[in-house]
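Each remark here refers to the structure printed beneath this line.
The values are calculated or read from the model by the stated rules, or taken from the named source; none is laboratory data. Since we're looking at a predicted model, the values are computed, not measured. Please note: Cβ atoms are built from the backbone with ideal geometry, for glycine as well, and neighbour counts cover all protein chains shown. Note: accessible area is taken over every heavy atom of the protein model, side chains too, but ligands, DNA and RNA are not part of it. Shrake-Rupley method; radii C 1.70, N 1.55, O 1.52, S 1.80 Å.
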Amino acid sequence: MEQKLFDSELKVMEQLWREGDLTAGALAKILADETGWNRNTTYTVIKKLIGKQVIERREPGFLCHALISKDEVRQQEAKSLLEKLFDGSPSLLFSAFMGGQQEPLPPEEVDRLRALVDQLK
């Protein structure tokens, strides 16, 4: 996936990742309940996602199927953030993140981060 997903598009994708394939009508109902969107808003966002080839429309019943995983989106967003704000430097990103922490990381998070760094060696 090379295209940026906007917050509204991510709301639709979150539903598909959580629930699996859903009809456009079911998505519209869920998003009306959760966000207050009207049916037209949901359908407009679905059409944009279809245009970006992030979801596909299946018949019968306008069934929406995610073509990308949440992990793929996370990786792309992380890469974009790293390049845009931190000159591609993971250490600058981590330093900025840690500099903004008000409380120390829990020991289990430190262990997970240490394990990730060890895997890169």
Criterion (open to solvent by 80 Å² or more (accessible area, probe 1.4 Å) and modelled with pLDDT of 95 or more) met by exactly one of 112, 57
57
Name every residue in the range 1-13 that is surrounded by 15 or more Cβ atoms within 10 Å (Cβ to Cβ) and without any contact (Cβ under 8 Å) to a residue 60 or more places away in the chain, in order of residue number.
8, 9, 11, 12
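Just to check your reading of the model, which residue among 92, 82, 67, 16 is open to solvent by 50 Å² or more (accessible area, probe 1.4 Å) and under 20 Å from the mean Cα position of the chain (by Cα)?
Details: 92 fails: under 20 Å from the mean Cα position of the chain (by Cα); 82 fails: open to solvent by 50 Å² or more (accessible area, probe 1.4 Å); 16 fails: open to solvent by 50 Å² or more (accessible area, probe 1.4 Å).
67 is the lone residue from the list that is open to solvent by 50 Å² or more (accessible area, probe 1.4 Å) and under 20 Å from the mean Cα position of the chain (by Cα).
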Among the numbered criteria (1) at pLDDT 90 or above; (2) open to solvent by 50 Å² or more (accessible area, probe 1.4 Å); (3) part of a loop (DSSP other than H, G, I, E, B), which single criterion is violated by residue 33?
(3)
Of the candidates 20, 36, the one satisfying the condition of being out of contact with any His (no Cβ under 9 Å at 6 or more places or on another chain) and of a type in the set (Gly, Ala, Ser) is 36
Suppose we filter 119, 75 for residues that are among the polar types (S, T, N, Q), open to solvent by 90 Å² or more (accessible area, probe 1.4 Å) and under 23 Å from the mean Cα position of the chain (by Cα); which single one remains?
75
Among the residues that make up the range 39-54, is at least one of them more than 28 Å from residue 79 (Cβ to Cβ), among the hydrophobic types (A, V, I, L, M, F, W, C), open to solvent by 40 Å² or more (accessible area, probe 1.4 Å) and free of Cβ contacts under 8 Å to residues at least 60 places away in the same chain?
no
With of a type outside the set (Asp, Glu), touching a residue at least 40 places away in the same chain (Cβ under 8 Å) and out of contact with any helix residue (DSSP H, G or I) (no Cβ under 8 Å at 6 or more places or on another chain) as the only criterion, which of 80, 91 stands out?
80
Reported set for the range 74-93 where residues are part of a helix (DSSP H, G or I), within 24 Å of residue 6 (Cα to Cα) and not aliphatic (A, V, I, L, M) is 74, 75, 76, 77, 79, 80, 83, 84, 86, 90
